[in-house]
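Engineer: First, the structure itself, so that you have it in front of you.
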Amino acid sequence: MRETDSKLARVVPPVLVIALLIAVWWAVVARSDSPIFPTPWQVVTGAWDLAQDGTLWDHIQASLVRVGIGFGLAFLVAVPLGLWMGWVPGAYYTLNPLFQMLRPISPIAWIPVAILWFGVGNLSPVFLIFIASVFPMIVQTTVGVRTIDRRYLRAAANFGVSRSVLFRRVVFPAVLPEIIVGMRIGLGVAWLVVVAAEMIALNSGLGYLIMDSRNAGNRYDLVIASMIIIGVIGLLLDGATRLLEQMKTVKWRYVR
Amino acid sequence: MSTHPHKITVDGIGKSFGDLSVVGGVSFDVRDGEFVAIVGPSGCGKSTLMNIIAGFERADRGTIRIDGVERSGPSRNGIMISQQGSVFPWLTVHENLMFALSGTRHGDKEARAHRYIELVGLAGFEKAYPHELSGGMLKRVEIARALVVKPEILYMDEPFSALDALMSLRMQTELRRILDEERHTVLLITHDVEEAIFLADRILVLSPRPTVIQTSFQVDMPHPRKLSDPRAQELREAILKELGL
């Protein structure tokens, strides 16, 4: 298949599907004459108004900052911890069962605890995002270390390099692709959680925008607009972490 | 240069995995600068034996001595080149060689790395990553990375068997050329009898599991050897007969 063909094949069908979905949505709303559920055009104009008066950008920024802090902290904790647990069997056998047990608990279940500990300010969502993204990143990093191909460790032992060279030149680069996978998972969950956390008791963020639009006079045009914006931003965040996979030093993991 | 008569002394090595006895008491010596090939049926424990000799695995009984000193683990003194290869895919060709040199006290490491990349015919590919290279080129990187630290011994465990037949032949010729330039003691494990005849000074034939040394052949032919040589053909027949073919 030629390059242009494959590009067309990748762009056209998804665009058509989305266009079809919008058309169906429009037709159904127009026919049913629903007083509450908006048409696509009402969603666009609603979002436009919010963008004009600046509140939309404030909400987006609030959500992104929370994710940035919570995810950043989780990253700083998870990577060293994961490397340690992967390398030292004692640490693995001691901590892994605990983390495996904490991991399947939905971050939403932590909301009451978060409110009790951190109140209803900015700290609660940051804590929830931290909790949500730290475990996948720990697990992924740990697994990455434990599955380093033995031949590479043998080669390092064969050349008798120092411990610091072993870590900088072999262990860390060997695990880096797994760390990036962990980051993708962690950031994805973080974005899911921020919206849920903001629905509880805040006055900014996209999650708050959804709840506030519903409560303040059933503005479902803004509810739908927020949902679409959340989806688009989530896509962009994932795309940004995927760019890391293009780094020359991790490409070996994704080719062949 | 060592005053000890033998570079490598393998003395009564035995190894079992659970109830399965894999290596059943292997003893032989390798002289300094000698090229010894070990051939044996597949699954006979060749690789286990090699891993023990190179220091990566422990034997249940017996000892390995290098220059008369008992060996306890892997060392830069003897570098292993294996079938799957262990060139680091996250480092460039040049970085792989610099990695190997990082533990050594060689002067001007840059120049050394450069010289060995040239020796294996990879000049111009210093900045390439392994996944951008062909299988044959990757083997050359591995050989360069091994030689750059000036090991006294090369352990080669089926080094070329993952390559296609033509590339395998080419690499054998290359290896012979390099070994004529640099003196090394080489221990080669292979299932390819012709490869052993082409390269080695002495060929040991292993028995099926639990493996012991069944016979030993001296290869008294000058390099470069031709496999069409009647002596080579005769030797090949004899070895294959030992292997039960």
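The values are calculated or read from the model by the stated rules, or taken from the named source; none is laboratory data. For clarity, every value in this text was computed on a predicted model and none was experimentally measured. Cβ sites come from the backbone with ideal geometry, for glycine too, and all protein chains shown count toward neighbours.
Engineer: Could you identify the single residue in B:SER72, B:SER21 that is closer than 24 Å to B:SER216 by Cβ, out of contact with any strand residue (DSSP E or B) (no Cβ under 6 Å at 6 or more places or on another chain), of a type outside the set (Asp, Glu) and not assigned by TED's automatic domain parsing to the domain that holds B:ILE143?
Structural biologist: After applying the criteria, what remains is B:SER21.
Engineer: Quick one: how many residues across the stretch B:215-241 are without any contact (Cβ under 8 Å) to a residue 40 or more places away in the chain and within 27 Å of B:ASP32 (Cα to Cα)?
Structural biologist: 14
Engineer: Only one of these conditions is not met by A:VAL77: (1) touching a Phe, Trp or Tyr at 6+ places or on another chain (Cβ under 6 Å); (2) part of a helix (DSSP H, G or I). Which number is it?
Structural biologist: (1) is the only condition that A:VAL77 fails.
Engineer: Does at least one position in the stretch B:223-236 carry a residue that is among the polar types (S, T, N, Q), assigned to a helix (DSSP H, G or I) and assigned by TED's automatic domain parsing to the domain that holds B:GLY25?
Structural biologist: The answer is yes; a qualifying residue exists.
Engineer: In the stretch A:193-214, is there at least one residue being within 26 Å of A:GLY86 (Cβ to Cβ) and assigned to a helix (DSSP H, G or I)?
Structural biologist: Yes, the stretch A:193-214 contains at least one residue that is within 26 Å of A:GLY86 (Cβ to Cβ) and assigned to a helix (DSSP H, G or I).
Engineer: Among the residues that make up the stretch B:141-156, is at least one of them more than 19 Å from B:GLY103 (Cβ to Cβ) and either outside any strand (DSSP E or B) or within 12 Å of chain A (Cβ to nearest Cβ) (or both)?
Structural biologist: Within the stretch B:141-156 (the criterion being more than 19 Å from B:GLY103 (Cβ to Cβ) and either outside any strand (DSSP E or B) or within 12 Å of chain A (Cβ to nearest Cβ) (or both)), the answer is no, since none of the residues qualifies.
Engineer: Can you spot a residue in the stretch B:80-96 that is more than 12 Å from chain A (Cβ to nearest Cβ) and either free of Cβ contacts under 8 Å to residues at least 40 places away in the same chain or surrounded by 16 or more Cβ atoms within 10 Å (Cβ to Cβ) (or both)?
Structural biologist: yes
Engineer: Output yes when any residue across the stretch A:30-49 is assigned to a helix (DSSP H, G or I), touching a residue at least 40 places away in the same chain (Cβ under 8 Å) and either in contact with a Ser or Thr (Cβ under 9 Å, 6 or more places away or on another chain) or not assigned by TED's automatic domain parsing to the domain that holds A:GLY188 (or both), and no when none is.
Structural biologist: The answer is yes; a qualifying residue exists.
For (1) touching a Pro at 6+ places or on another chain (Cβ under 8 Å); (2) in the same structural domain as A:HIS59 (by TED's automatic domain parsing); (3) under 12 Å from A:GLY46 (Cβ atoms), each residue gets a yes or a no:
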residue: A:VAL193; (1), (2), (3): yes, yes, no
residue: A:ALA196; (1), (2), (3): yes, yes, no
residue: A:LEU202; (1), (2), (3): yes, yes, no
residue: A:LEU209; (1), (2), (3): no, yes, yes
residue: A:ASP212; (1), (2), (3): no, yes, no
residue: A:ALA216; (1), (2), (3): no, yes, no
residue: A:ILE224; (1), (2), (3): yes, yes, yes
residue: A:ILE233; (1), (2), (3): no, yes, no
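Engineer: A further question follows. Test of understanding: among B:ILE8, B:ILE13, which residue is within 15 Å of B:VAL186 (Cα to Cα), among the β-branched types (Val, Ile, Thr) and touching a residue at least 40 places away in the same chain (Cβ under 8 Å)?
Structural biologist: Being within 15 Å of B:VAL186 (Cα to Cα), among the β-branched types (Val, Ile, Thr) and touching a residue at least 40 places away in the same chain (Cβ under 8 Å) holds for just one of B:ILE8, B:ILE13, which is B:ILE8.
Engineer: For the stretch B:105-133, which positions are loosely packed, with under 15 Cβ neighbours inside 10 Å, part of a loop (DSSP other than H, G, I, E, B), small (Gly, Ala, Ser) and at pLDDT 90 or above?
Structural biologist: B:ALA123, B:GLY124
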